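Asker: Okay, here's the structure, questions in a sec.
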Amino acid sequence: MAAMAPPSAPLAEVPSYFLCPISLQLMRDPVTLPTGISYDRAAISRWLASPASSSSRTCPVTRQPLEPELQLTPNDTLRRLIGSWIATLSPGSGVDDEEVAALRPMHRDELASLLSDAASAQVGALRKLGELAAESEHRRAMLESQDGVFDVLSRVLTGASACSTAREEAVGVLASLRIPQQDLVRIVSRHGNLAASLTAVLRSSNLQSRAQAVRLVRALADVAVPAWVIGLEQELLAEVIRVVRDRVSTRATKAALHALSALCPYGRNRVKIVGAGAVPALVELLLDEPERRVCELALAVLDRLCTCAEGRAELVAHAAGVAVVGKKVLRVSEAASERAVRVLRSVVRHAATPAVLQEMAQAGVVGKLCLALRSELCGVKTKEKVHEMLKLHSRVWRTSPCLSPKFLALYPS
């Protein structure tokens, strides 16, 4: 008589409150919205980033409106409950093995072994580190606290023996981690070829790697020592600008604009950034009617670039430069109006040729400034700058046939 097979383990039923309401999968990194509903971070992030929800951001379950600058709150209690439940499962429980592996606790010695493999530029180990950082807030924090992690990854990025794929993976992990300021400064001081290594990754055909590299450039630009920032070659700046021009992603565009803004305070850098083609790229971006925050950042960078003669010359030389900046006044937000007015003021004060003044009248910029002077959507300081511009060239603009009577009535006397 044949021996009876051992009974199989009963299939586990996943508690409903462990499932993400969007994906209906077991939550790996539960986060809670202000509405009190918890979702898996990856699923709710995709929901909030989708074009369908960008115009009216709502909670998928309650349909309550959400703030534009929403912060996702990690639900550590729910994560621990899921982890405890996972620990009780036996093989053959019916729960996806990949999900179980991702949610089981990871020990420090496992992470140390993985980091050791990554130090020798093993692509598989570097990719696994990236997956760990993306799996949950808890695992990312664990990776960030591991001794030597930032040094290992920066050595792979700048090392001569690492292949391009390994460098791209190292950049991806570094970009996903919250690197303390002292560690960022240490990375800059230890690796003289850091800028060249980042330039190589930014030239990659891999859009995701380019987006990750520009996020790392932003982090470095925010805290790095002035000597490193001033010494950056135009090649790196040109690649950051190319991320803006190529519209790699909204997040990458924001990171690139933040990086350019952080690099602008130094006069030599402003000239190099202008020389790398930043002004036409920013004008083209504004012509595409980007989302509010992207528009504000683009105008902030233009404002800084127009403090130098080269930047102003590039703006007025572009067929749509002055017009598109004027178009953003009173159209996007108070912050965008303020920055647009600052750009126009730089042009009016330092680059006001007869042709430029005529263009401003013909393109409706002067009329827009008249409206801004009376609008409640502009702050006091912005109105002072508008008043200064209108008074400065009143002889030309008040007599222009392009200025309609309704705007002439608003013109300051």
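The values are calculated or read from the model by the stated rules, or taken from the named source; none is laboratory data. Remember, it's a predicted structure, so these values are computed and weren't measured experimentally. Glycine also receives a Cβ, built like all others from the backbone with ideal geometry; neighbour counts cover every protein chain displayed. Surface areas here come from the heavy atoms of the whole protein model, side chains and all, with no ligands, DNA or RNA. Shrake-Rupley method; radii C 1.70, N 1.55, O 1.52, S 1.80 Å.
Asker: What spacing in nm lies between the two simple spin-label points modelled at residue 161 and residue 64, each 7 Å away from Cα in the Cβ direction?
Answerer: Once both label points are built, they end up 5.6 nm from each other.
Asker: If I model a spin label as a point 7 Å beyond the Cα along the Cα-Cβ vector, how far apart are those points for residue 147 and residue 189 in nm?
Answerer: Placing both labels 7 Å beyond Cα along the Cβ direction yields 2.1 nm.
Asker: Also: Ignoring trypsin sites (Lys or Arg not before Pro) that are buried or in helix or strand per DSSP, and keeping those with at most 11 other beta carbon atoms within 10 Å, what is the longest stretch of the chain between them?
Answerer: Longest site-free region, per DSSP loop and neighbour criteria: 179-413.
Asker: Rounded to the nearest 10 Å², what accessible area does residue 117 show when all protein chains are kept and the probe is 1.4 Å?
Answerer: 60
Asker: Apply 1/(1 + (r/R0)^6) to the Cβ-Cβ distance of residue 410 and residue 108, taking R0 = 41 Å, and write down the FRET efficiency to the nearest 0.05.
Answerer: The calculated FRET efficiency here is 0.05.
Asker: Binned at 10 Å from 0, what are the whole-percent values of the Cα-Cα distance distribution for the range 181-301, short to long?
Answerer: Per 10 Å bin, starting at 0, the Cα pair percentages come out as 14, 50, 31, 5, 0.
Asker: Taking only DSSP H segments of four or more residues, each worth -39500 (n - 2.57), what value at 222 nm results for the chain once the sum is divided by all its residues, to the nearest 500 deg cm²/dmol?
Answerer: Dividing the helical sum by the residues of the chain leaves -18500 deg cm²/dmol.
Asker: Using only Cα atoms, find the angle between the long axis of helix 123-135 and the longest principal axis of the chain, and express it within 0 to 90 degrees, rounded to the nearest 10.
Answerer: Approximately 80 degrees, to the nearest 10.
Asker: I'd like the GluC sites (Glu not before Pro) in the range 322-382 restricted to DSSP loop residues with at most 12 other Cβ atoms within 10 Å, sorted by number.
Answerer: Answer in residue order: 376.
Asker: Here is a further query. Computed FRET efficiency, Cβ-Cβ of residue 391 and residue 355, R0 22 Å: what is it to the nearest 0.05?
Answerer: Calculated transfer efficiency: 0.60.
Asker: Right, something else. Could you report the range 189-286's accessible area per residue, 1.4 Å probe, as an integer in Å²?
Answerer: 39
Asker: Under a crude label model (7 Å from the Cα following the beta-carbon direction), how far is residue 383 from residue 77 in nanometres?
Answerer: 4.9
Asker: Solvent-accessible area per residue for the range 106-164 at a 1.4 Å probe radius, Å²?
Answerer: 46
Asker: So which lysines can residue 406 reach, going by Cα to Cα under 16 Å and dropping same-chain residues fewer than 8 places off?
Answerer: Straight-distance partners of residue 406: 368.
Asker: Here's a follow-up. Would you mind working out the accessible area per residue for the range 343-387, using a 1.4 Å probe, and quoting it in Å²? Spell out each step's value before the answer.
Answerer: Numbers: 2180 Å² over 45 residues.
Computed with neighbouring chains in place, this is 48 Å² per residue.
Asker: Give me the extension gain from residue 307 to residue 222: residue separation times 0.36 nm, minus the current Cα-Cα distance, reported in nm with one decimal.
Answerer: 28.6 nm
Asker: Once neighbouring chains are kept in place and the probe is 1.4 Å, which whole percent of the accessible area of the chain is contributed by carbon and sulfur?
Answerer: 52
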